[in-house]
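The values are calculated or read from the model by the stated rules, or taken from the named source; none is laboratory data. Quick caveat, the model's predicted, so the values are computed rather than measured. We place every Cβ from the backbone using ideal geometry, glycine too, and count neighbours over all the protein chains shown. Keep in mind that these areas ignore ligands, DNA and RNA; they rest on the heavy atoms of the full protein, side chains included. Shrake-Rupley method; radii C 1.70, N 1.55, O 1.52, S 1.80 Å.
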Amino acid sequence: MGGSRAQVNKPHKTRFSSKSSRNIHKISQKDKNRIAKSNRNVTQGARAARLQRSKMLREQKKEALLKEKRASSGSASPPRVILLFPLSASVNVSSLAEDILRLLSADVSRALSSTVASSEYKLRATVLHAPHGDLLSCMEMAKVADLIAFVASATEQSTCDYIDSFGSQCLSVFRSLGLPSTVVFIRDLPTELKRQNDAKKIVTCSLTSEFPEDCKFYPADTKDDLHKFMWLFKEQRLTTPHWRNQRPYLIAQKVDMVPDDSSPEKCTLLLTGYTRAHSLSVNQLVHVSGAGDFQLSRIDIMKDPIPLNARKDHNAMDSDDIEDAEIIRSLAPDPSSLEPLLVENVPDPLAGEQTWPTEAEMAEAERNQKQKRLRKRALPRGTSEYQAAWIVDDTDGEDSGVENDGDDDEDDDGMLLDEGESGCPSQEDTNNRDFEEDQASLHLRDSDEETENDSVMMEGDNMTREQIEDEIKKIKEAHAEDEEFPDEVDTPLDVPARKRFAKYRGLKSFRTSSWDPKESLPPEYARIFAFDSFARTQKHVVVKALKVEQEGRDDCAPVGSFARFYIKEVPFHAASNLCAASRTAPIVLCGLLQHESKMSVLHFSIKKHDSYDAPIKSKEELIFHVGFRQFVARPIFSTDNINSDKHKMERFLHAGRFSIASIYAPISFPPLPLIALKNAAGAGTPAVAAVGSLRSIDPDRIILKKIILTGYPQRVSKLKATVRYMFHNPEDVRWFKPVEVWTKCGRRGRVKEPIGTHGGMKCIFNGGLQQHDTVCMSLYKRAYPKWPEHRFPANV
């Protein structure tokens, strides 16, 4: 065909350049077998290593469980603490406690003690029954209980009858503390078997949601029921909160006090009981619940008054047995290794002062003084030398330089700098203004203290009932106003805003603007301690305590030993209160880790309790129960910002959300639970105000108090507006001119200039302003907790 192209044979595309190279990549069968065998050996070796490792971990866990079981239920272990808690007021736990003690005690003829040993069950137990209505006693018993047995009555008709309001409140507090092993005893069941099973099912279905999943329900009416439970309880592996296993502690079986002859206000407190959780060193600091931190003068390790394999006629602990117990050995502290009781740092008042001037500096100062005397001054005509001596020389002000106008007082972050005022007034005006500012500063100091410490009510002894009711009414109104208009304050009419809010500054951005944590610290910060790295210090302290535990040193009272602790220099008033309180609640002695007696700034994650309705203001006095420790604190509340190093202060602790409470308190290493109590006006016992946990220890955490000054647009023209009632004089407008303003409808702008003599100002915004809008200005200052007047509740 004409115009057709000749066909061209293209080379075939292949992976191989020639036929001879096709078999190069193939592997022989011999090599295949060798490679497969090698891979199989590697796989089998790895599998064998995994199996060996899993077997080793199982054996380690089995050994740890066996060791824990021997430590908790062996002859050398301390008695198990069983707490009987009534869920309602109609439940009688005294009779149940007596039945359990009689079951465990072989000698029925003797008077029963709270601690008994049973050779039949091979068990030692301490039975406590919580008094219904006494919150503090129930809390202290729950802190040391190995098993909490909640007692319910089957005669009640509904779930609300099974658990009353006090039982529900205590149950929520126990959850916050951390529940140990729990069971539920059902009392008052019918004698007929079918009705008994039906009643037990009803109680179980009604109460299952209130307790943990592993909680068991047992009938507890007859001796056989208690006998079955005891056999199960003997073999049960008890679980306790983690915070309780970090420190050694002791439940005082007996509390005594010996007066100190050298100091009538001090005494030696004697606590006798079993050492639990860890061994306690005589060189270690201890905390007595509610009384404070102290040193030990001696430890007497005594013969166990109720051994498990008793060779005496009785196996119950009596007070005579404790007094007559044989002392095996005594431990005395070593002055070289005794941990000092260091609470506050002693600041040096001259630490920031300059050194003594040198001779050259003194000579230069004399020359300057002579030149100042020889300098001619411009005096009014006809002024004599005597009159000239009374005229104030203004050369010092000239040497220091004239301060710039406040319009340029803005740094890179948009902060307001408190540097100066505009203009150069005359000498007479300056003197008058200085006098007025001094007078205003006095009122300013009082008013600032009111804003910071307005949460502190007057002493109840000096107030009448009507004054207390008025004070509570004012607090409730302020709480409601803070929820509706948060952070808004009114500019005072009698004090200039630049003086009233002199400690405040503006921020360009709350999240990104810088704030130096070491700037303008209060005097209390010189009395506290801080860590370079708190996490590293905590790790080091825990490892050191574990090393002391493993070494088994001679200056330690081992776990399970019956010992008497001599606590020196205890205030006589606090010791008397502890002796009186030991009749209703257990007195707990807790060993402290290193650094835990020193004061610092602690931060807690806290939430208002559901049963507490009264408002809680910042810097109000609260009683903090942190683990075994108790202390009085006056916290400030703040938000928890994840993406910022600055946190906004909250004037009230609002319900339904978590806040951060910052206090001055002794150092405690987390994790630790928190129960905050508040003394109500006119009430004898404190109420549960909030619950939470220890978050961190950081004095450099920046908490900013925010205030919002509000004004209202009078005239609006496109992007410009005339705003009034935010300030009341033009000097205040010029002072706060660098700070950005914003509106509640979302506009942002800046102050252009003052208008008139009554505080009006012209502002420019990034959009049209509505007439009903509100113009706002945000100011910030750093807030700090309040130092408590007394540190421990037993010293009050």
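Here segment 704-782 is treated with +1 on each Lys and Arg Cβ and -1 on each Asp and Glu Cβ, and its dipole about the Cα centre works out to around 240 debye. Within the shell defined by Cβ-Cβ distances under 13 Å, the residues around A360 carry a net charge of -3, with Lys and Arg each +1 and Asp and Glu each -1.
The modelled label-to-label distance between S533 and L719, using points 7 Å beyond Cα along the C-beta direction, is 5.2 nm.
Taking Cβ atoms as reference points and 9 Å as the exclusive limit, the residues near N283 contribute a net charge of -3, counting Lys and Arg as +1 and Asp and Glu as -1. Three principal axis extents describe the C-alpha atoms of segment 144-222; from largest down they are 39, 24, 19 Å. Need one word for segment 599-735: rounded, prolate or oblate. Basis is the Cα gyration tensor (sqrt eigenvalues a ≥ b ≥ c); a/c below 1.5 gives rounded, then a/b vs b/c decides. Note, shape of segment 599-735 comes out prolate.
When the GluC sites (Glu not before Pro) in segment 151-256 are filtered for DSSP coil states and for at most 10 other beta-carbon atoms within 10 Å of their beta-carbon, the remaining sites are E192, E213. Total lysine pairs in segment 80-240 at Cα distances under 16 Å, for residues eight or more apart or on different chains: 6.
With an a/c value of 1.5 or above and a/b not larger than b/c for the gyration tensor axes a ≥ b ≥ c computed over the alpha-carbon atoms, segment 704-782 is described as oblate.
Just name one of H772, S717, L704: the one whose Cα is farthest towards the positive end of the charge dipole of segment 704-782 (beta-carbon charges, Lys/Arg +1, Asp/Glu -1). Final value for the positive-end residue is L704.
Remark: segment 492-591 carries a charge dipole of roughly 660 debye about the Cα centre, counting +1 on each Lys and Arg Cβ and -1 on each Asp and Glu Cβ.
Placing D214, D146 in order of accessible area, with the largest value first and a 1.4 Å probe, yields D214, D146. According to the square roots a ≥ b ≥ c of the eigenvalues of the Cα gyration tensor, what is the shape class of segment 584-677, taking rounded for a/c under 1.5, prolate for a/b larger than b/c otherwise, and oblate for the remainder? It is oblate, given that a/c is not under 1.5 and a/b is not larger than b/c. What do you get for trypsin sites (Lys or Arg not before Pro) in segment 155-238 restricted to DSSP loop and a cutoff of at most 14 other Cβ within 10 Å of the site's Cβ? Of the trypsin sites (Lys or Arg not before Pro), the ones in loops of segment 155-238 whose Cβ has at most 14 other Cβ atoms within 10 Å are R237. Applying a DSSP loop filter and a limit of 15 other Cβ atoms within 10 Å to the trypsin sites (Lys or Arg not before Pro) in segment 682-719 leaves K718. Solvent-accessible area of M649, all protein chains in place: 20 Å² (probe radius 1.4 Å, heavy atoms, ligands and nucleic acids excluded).
Ranked from largest to smallest solvent-accessible area, with a 1.4 Å probe on the protein heavy atoms, H132, H728 come out as H132, H728. Using 1/(1 + (r/R0)^6) with R0 = 30 angstrom and r between the beta carbons of E68 and K544, what's the FRET efficiency to the nearest 0.05? Once the sixth-power term is evaluated, E becomes 0.85. Considering only beta bridges that DSSP places wholly inside segment 80-240, some 15 percent are antiparallel. Among the protein heavy atoms, those of H609 account for about 20 Å² of accessible surface (1.4 Å probe, every chain in place). Over 20 Å apart at the Cα level, from the set K503/K786; K474/K781; K518/K619, are K474/K781; K518/K619. Other residues whose C-beta falls under 13 angstrom from the C-beta of M230 contribute a net charge of +2, scoring Lys and Arg +1 and Asp and Glu -1. A probe of 1.4 angstrom, applied to the heavy atoms of all protein chains, finds T155 with accessible area near 80 square angstrom. Percent of Cα-Cα pairs more than 24 Å apart in segment 523-657, please. Taking all Cα-Cα pairs of segment 523-657, the fraction more than 24 Å apart is 54 percent.
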